[in-house]
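See structure below.
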Ligand SMILES: NC(=O)c1ccc[n+]([C@@H]2O[C@H](COP(=O)([O-])OP(=O)(O)OC[C@H]3O[C@@H](n4cnc5c(N)ncnc54)[C@H](OP(=O)(O)O)[C@@H]3O)[C@@H](O)[C@H]2O)c1
């Protein structure tokens with residue numbers, strides 16, 4: 001019975017979009033390995049939590065080895081951990097740059113390597129990364145540091161999809177518009193909603209729905225699925 005249950009690893013799982021992704025996969029009866037710095041143990045025996053900084057290769061190593069030790073395999077990796085620093089570009093410090101690179105880039109690199117190596121053992125798997133709808137700048141918002149990382153992740157998604165297609169491993173991304181999570185204080189919600197042609201912010205559950213769809217979409221790889229109220233289509 002247990003052997004048929006799929007196993008998903010979710011990074012940045014303690015709140016916001018990551019917490020919704022965990023809920024969505026549990027509804028589908030996946031076993032979940034949930035990681036973030038502050039994550040605490042779950043009462044649900046099908047959720048294993050591993051606490052650590054995702055930019056640290058030792059965290060990635062612990063997450064993947066505990067997934068295999070407890071649940072036997074890794075079917076899906078959701079790279080969701082990410083931070084946004086919205087200062088005007090010239091005001092970003094070296095610490096700001098290093099923090100964003102640590103979570104958004106190193107956080108993708110270390111765990112994706114280990115998860116894909118694990119997926120190769122059973123010639124199937126899916127990596128889906130939460131990037132951002134940043135192809136077009138937004139007048140009035142500071143997006144360049146975010147674009148440096150999320151644009152790279154969108155490009156790496158397509159490159160990895162091609163590199164691993166022959167090995168049964170799919171690689172996709174979901175690119176959200178501005179989404180209601182603790183990342184944005186409520187006082188800005190109305191203004192942020194106005195960035196999208198649909199006239200509102202996205203819900204974290206709408207991003208999670210797109211991830212679950214991609215996980216079930218066996219003929220979709222190398223796709224950047226925008227969940228952005230039309231933002232990438234034009235304004
Ligand atoms: N909300 C938006 O408007 C929006 C728009 C586009 C893209 N996104 C992307 O969506 C993803 C999720 O964002 P969100 O809005 O849900 O953010 P959030 O509410 O701020 O949550 C971020 C998550 O990442 C974890 N995290 C942060 N730094 C970490 C680190 N060093 N090591 C491990 N985990 C870390 C946090 O947990 P701990 O604090 O416990 O570590 C938390 O679980 C991010 O990749 C973000 O870039 C969000």
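Principal-axis analysis of the Cα atoms of the chain puts helix 204-216 at an angle of about 40° to the longest axis. For the pair segment 1-33 and segment 201-234, the centres of their Cα atoms are 17 angstrom apart. For the Cα atoms of the chain, what angle does the longest principal axis make with the long axis of helix 144-164, in degrees from 0 to 90, nearest 10? With rounding to tens, the tilt is 30 degrees.
Axis angle, to the nearest 10 degrees, between helix 16-27 and the longest C-alpha principal axis of the chain: 40 degrees.
Would you mind telling me which residue in 35, 93, 76 has the biggest mean-square fluctuation in a Gaussian network model of the chain, where springs connect alpha carbons within a distance under 10 angstrom? Fluctuation is largest for 93. Remark: 44, 215 ranked as 44, 215, counting other beta-carbon atoms within 10 Å and listing the fewest first. Cβ crowding within 10 Å ranks 21, 134, 83 as 83, 134, 21, fewest other Cβ atoms first.
Would you calculate a helix-derived [θ] at 222 nm for the chain, using -39,500 (n - 2.57) for each DSSP H run of n ≥ 4 and dividing by the full residue count, to the nearest 500?
Computed mean residue ellipticity for the chain: -12000 deg cm²/dmol.
By the count of neighbouring beta-carbon atoms within 10 Å, fewest first, 39, 85, 224, 17 end up ordered 85, 224, 39, 17. Set against the 2.2 N^0.38 Å expectation for a compact globular protein, the chain has a Cα radius of gyration ratio of 0.97.
None of the figures in this text is laboratory data; all of them are computed from the coordinates on show. As the structure is a computational prediction, the values presented were derived from the model and not from experiment. Using ideal geometry, Cβ is built from the backbone for each residue, glycine included, and neighbour counts are taken over all protein chains shown.
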